[in-house]
Each structure stands twice: as C-alpha cells, then as structure tokens.
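The values are calculated or read from the model by the stated rules, or taken from the named source; none is laboratory data. Owing to the predicted nature of the structure, the values given are computational and were not obtained by experimental measurement. Methodologically, a virtual Cβ is constructed for each residue, glycine included, from the backbone with ideal geometry; neighbour enumeration extends over all protein chains shown. The accessibility values were calculated without ligands, DNA or RNA, using every heavy atom of the protein model including side chains. Shrake-Rupley method; radii C 1.70, N 1.55, O 1.52, S 1.80 Å.
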Amino acid sequence: RKISNYRKLALVYARLGEFDLQDKFSKQSLELAIKQEDKQILFDAYMAVGYLYENHLTKTNSNKFKVEAEKNYLSALKLLEDYPYLNSPSNFGYVNINLANLYYSNFDKTYRTKVQYHAKEALNSALKNNIQIQMAAAYGLLSEIETENKNYYQAKIYLNSALAQFKKSNNSQPEDHIYLNILMKLSEIDELEGNYKYALFTYKEYIQKF
C-alpha cells in the first residue's frame, strides 16, 4: 500500500512540475519495491523511475539523468530475463522501445547500434505478440537510422510498415502524434529524393490529420 501511495504522490508532483518531490517519492517507491518479493511491482518501479529521468531530459540534458534512466530501464530488462514469468506480451517490447528511444534521443551517435538492437528486439517481440503500436514505434526508430545513413529506400519501407501497423491498431487520440510523425517523415524523405509530387501528397494528408 505504501508503494501505491508513493507512486500517486510522485504522479501528483509530476503534474505540478515539482521534480525534486517527484524524484523523492519515485525513489522511495523503488526502495520499498526492492525489499519486497513481488517482482512485478519491482519491474513497474524500475520503469517508472527510468521514465521519470528520461522525461526530465527534455528540460535538461544532464548526464546524470541519462545514466539513471538507462540504469533503471536495463534493471527492468534484466528482471524480465531473470524471471520469465514477468514477461507479459507487452513488457519486453515496452522496455526495449524505451531504451531505443532513450539512446536515439539522448546519447551520441556511437550508440546507434544500441538503438538498432533494442528496436529490433522490440519489433520481434511485437510481431510475435501482434502488438501494432510497438511495431509502429520500432519501425519508426529503424527508419530514423536508415535516413541518417541516406538509405532512403529502406527507411521508407520501415515507415510504410509503421504506418500499416498504426492503422491496424485500436489506439486513437493519445497516439495520433505517432501517425502524424510517420507522415511527416515520409514527406521529408520524398523531398530529399526529389519526389516533390509524393512529398506534397503526403504533406497534404498530414495537414488534414493535424
């Protein structure tokens, strides 16, 4: 019960923008979870603390926050490896998508192989368990790497695969930003390739959905 209360307090302080108090109660929740035998609670606590630090990286590119986010996500991943019964259809993909996003958005380009590794791990899990929104996220990350390498053909294959999986998913409003991002990326690649007709067509679809 204490863990639940600490999490609720952390959420309240997150909404108020009080990072120090959010940090305090998130860590207290994790410390209690470590002492308990319930590994699912511990997994959730690692993910919550990892997300806390990753989310705060949007405000300050602190090396400490990067290290803490990575450490907690990797601890959550190790739990899944050590206790396979925790690995629900979505957990494995969830951790790997978060790690891939963290490495892509907050670490330098020497970490691109880790982005690919975790994105592919998430994709394989999502394909196995038919989780469309995770497939879309993984394809999107892989397309970013291919675009950086100017392999536009493969990047578009990934993006169109992401678009197809997104359309199959039942998620709507909360995930619309993913759909819009896919359309924008497709339009940008067409423009880079000089396919202005297709770029304009995709951009018009983006404007209609925006």
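Rounded to the nearest 10 square angstrom, residue 110 shows an accessible area of 110 square angstrom against a 1.4 Å probe. Full extension of the chain segment joining residue 58 with residue 85 gains 6.4 nm, where the gain is 0.36 nm per residue of separation less the Cα-Cα distance. Rolling a 1.4 Å probe over the protein chains gives residue 186 an accessible area of about 10 Å². Simple spin-label estimate for residue 130 and residue 74 gives 3.6 nm between the two label positions (7 Å along the Cα-to-Cβ direction from each Cα). Segment residue 117..residue 193, full-extension length gain: 24.6 nm, with 0.36 nm per residue of separation and the alpha-carbon distance subtracted.
Remark: the residue 205-residue 38 segment gains 55.4 nm on full extension, using 0.36 nm per residue and subtracting the alpha carbon distance.
Counting only Cβ charges, +1 for Lys and Arg and -1 for Asp and Glu, the dipole size of segment 1-158 around its Cα centre is about 160 debye.
Quick check on the chain: helices-only [θ] at 222 nm, where DSSP H runs of length 4 and up contribute -39,500 (n - 2.57) each and the sum goes over total residues. Nearest 500, please.
Calculated at 222 nm, the ellipticity per residue is -27000 deg cm²/dmol.
Given 57, 17, 80, which one lies farthest toward the positive end of the charge dipole of segment 1-110, if we put +1 on the Cβ of every Lys and Arg and -1 on the Cβ of every Asp and Glu? Checked the options; the winner is 17. Checking (i) 12.7; (ii) 15.1; (iii) 11.6 against mean projected area of the Cα convex hull in nm² calculated from these atoms, the matching label is (i). Against the criterion of solvent-accessible heavy-atom surface with a 1.4 angstrom probe, 44, 20, 108 sort, most first, into 20, 108, 44.
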